[in-house]
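The values are calculated or read from the model by the stated rules, or taken from the named source; none is laboratory data. From a predicted model like this one, the values you see are computed outputs, not experimental measurements. Reconstructed Cβ throughout: ideal geometry from the backbone, glycine too, with neighbour counts over all protein chains shown. In case anyone asks, the SASA skips ligands and DNA or RNA and just uses the protein heavy atoms, side chains included. Shrake-Rupley method; radii C 1.70, N 1.55, O 1.52, S 1.80 Å.
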Amino acid sequence: MAKKYVVTLKAEEREKLLNLISSGTAKARTLTHARILLKADENWSDAEIGKALHISIPTIERVRKRFVFEGFEASLQARRPKRVYSRKLDGEQEAHLVAVACSTPPEGYARWSLRLLAERVVQLKIIDSISHETVRHVLDDNELKPWCREEWCIPTANAEFVFHMEDVLDVYKRPVDPKRPLVCFDESPEQLVSETRQALPMTPGQLEKYDYEYRREGVSNLFMFFAPLQNWRNIKVTERRTKVDWAYCMRDLVDVHFPQAEKIVIVQDQLNTHSPAGLYEVFVPAEAKRILDRLEFHSTPKHGSWLNMAEIELSVLGRQCLNRCIPNQSSLIHETQAWVIQRNNKQATVNWHFTSDDARIKLTRLYPSIDD
């Protein structure tokens, strides 16, 4: 039996959809998705929705699924499924095609197009014939889009970026000091999704049977604390990620996790809620000052979240623990804490090797030039 994805709209989401439809300014596909969500929320069957809106059942199922797994906003967006093409080129031929795509385009052309690449590999006798769609498939596999351009996330000649980057890299070089522990801090949202029907468990000679419905249950926030030199991490699950939640995380670091530390060195991003001044908005001045006196802040540069080791831990958490349906916040707390205990018991950590000296070699274009 096909899986079913249950749509349950909040009052504000339903109001937004009604306003979107009445305005008539959105794209036709977006309006169709809005009407699907409204009727699904009213417990219309897929067949009834399809007949009323003159659309196919698979389209309705895709909108339901995106609502459950990706959220309200994502379900309104139009996205066509990728077609799957059979592989025509062997490894050597693919390598030649990639090399051509990375080379300078011929005279008279600003950049390579799919059809231009298809013509060139045939001219070079890499293959007898090839369609531009096959070229697209190969380039997608290698994450190449020679016809597109975008700004690199690391700016050029940016002194502000360099300052924060080298500051964080110097912090990572400090030796282990129990009195001054290093803690990387980051956060991430997590969609809550429930299975309204239980799957039949696997038995000898029988695979696990899936016959259930998915229902979106909201969103929770994960705060990640990671001390790489102590091989320690902790996760705090909250409903939101406000200044208040951040302030209580800082107090937990001082009073619960590292009460004996003289100063806790924190590496975090420059999100507007991560401001030391926020402590004065949450606690009385004496308490805010007491917490701040125990903290030393270092910020990663904007567009430089890769410098935060807590982001690496969040990535591991996503692969090992969160890549499944978790129905509610209590289950999320239970599962993440179990992951934390096991990973801490294994003494897992991040072996960071990138230094300021490496940055001055590999990211030399980032550094402003100084005229003598």
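What is the one condition in (1) farther than 22 Å from Lys125 by Cα; (2) of a type outside the set (Phe, Trp, Tyr); (3) at pLDDT 85 or above; (4) more than 28 Å from the chain's Cα centre (by Cα) that Leu114 does not satisfy?
(1)
Residue by residue through the range 231-253, note down the ones that are among the hydrophobic types (A, V, I, L, M, F, W, C) and touching a strand residue (DSSP E or B) at 6+ places or on another chain (Cβ under 7 Å).
The first filter runs over the range 231-253 and keeps only residues among the hydrophobic types (A, V, I, L, M, F, W, C), leaving 232, 235, 237, 244, 246-247, 249-250, 253.
Listed by number, the residues that qualify are Ile235, Val237, Cys249, Met250, Leu253.
Does Ser369 meet the test of being of a type in the set (Gly, Ala, Ser), out of contact with any Lys or Arg (no Cβ under 7 Å at 6 or more places or on another chain) and at pLDDT 80 or above?
So Ser369 does not fit the description; no.
One residue is enough: does the range 161-182 have a residue meeting the conditions at pLDDT below 75, under 30 Å from Thr300 (Cβ atoms) and either out of contact with any helix residue (DSSP H, G or I) (no Cβ under 8 Å at 6 or more places or on another chain) or open to solvent by less than 60 Å² (accessible area, probe 1.4 Å) (or both)?
Looking through the range 161-182, none of the residues is at pLDDT below 75, under 30 Å from Thr300 (Cβ atoms) and either out of contact with any helix residue (DSSP H, G or I) (no Cβ under 8 Å at 6 or more places or on another chain) or open to solvent by less than 60 Å² (accessible area, probe 1.4 Å) (or both).
Out of (1) within 23 Å of Glu311 (Cα to Cα); (2) at pLDDT 75 or above; (3) surrounded by 11 or more Cβ atoms within 10 Å (Cβ to Cβ), the odd one out for Pro155 is which?
Among (1) within 23 Å of Glu311 (Cα to Cα); (2) at pLDDT 75 or above; (3) surrounded by 11 or more Cβ atoms within 10 Å (Cβ to Cβ), the lone unmet condition for Pro155 is (2).
Does any residue of the range 338-353 turn out to be in a loop (DSSP other than H, G, I, E, B), of a type outside the set (Asp, Glu) and under 20 Å from the mean Cα position of the chain (by Cα)?
So far as the range 338-353 goes, yes, one or more of its residues are in a loop (DSSP other than H, G, I, E, B), of a type outside the set (Asp, Glu) and under 20 Å from the mean Cα position of the chain (by Cα).
Scan the range 191-224 for residues that are at pLDDT 85 or above, open to solvent by less than 30 Å² (accessible area, probe 1.4 Å) and more than 20 Å from Arg62 (Cβ to Cβ) and jot them down.
Once the filter is applied, which keeps residues that are at pLDDT 85 or above, open to solvent by less than 30 Å² (accessible area, probe 1.4 Å) and more than 20 Å from Arg62 (Cβ to Cβ), the range 191-224 yields Leu192, Gly218, Ser220, Asn221, Leu222, Phe223, Met224.
Return the residues of the range 56-76 that are under 19 Å from Arg14 (Cβ atoms) and part of a helix (DSSP H, G or I); say none if nothing qualifies.
Within the range 56-76, Ile60, Val63, Arg64, Arg66, Phe67, Val68, Glu70, Phe72, Glu73, Ala74, Ser75, Leu76 meet the criteria.
Among the helices (runs of 4 or more DSSP H) confined wholly to the range 1-55, which include 3 or more residues that are open to solvent by 90 Å² or more (accessible area, probe 1.4 Å)? Break it down into steps so the answer makes sense when it comes.
Details: elements: 11-23, 28-41, 46-53.
The qualifying helices (runs of 4 or more DSSP H) are 11-23.
For the range 228-311, which fully contained helices (runs of 4 or more DSSP H) count at least 2 residues that are open to solvent by 10 Å² or more (accessible area, probe 1.4 Å) and over 30 Å from Leu192 (Cβ atoms)?
285-292
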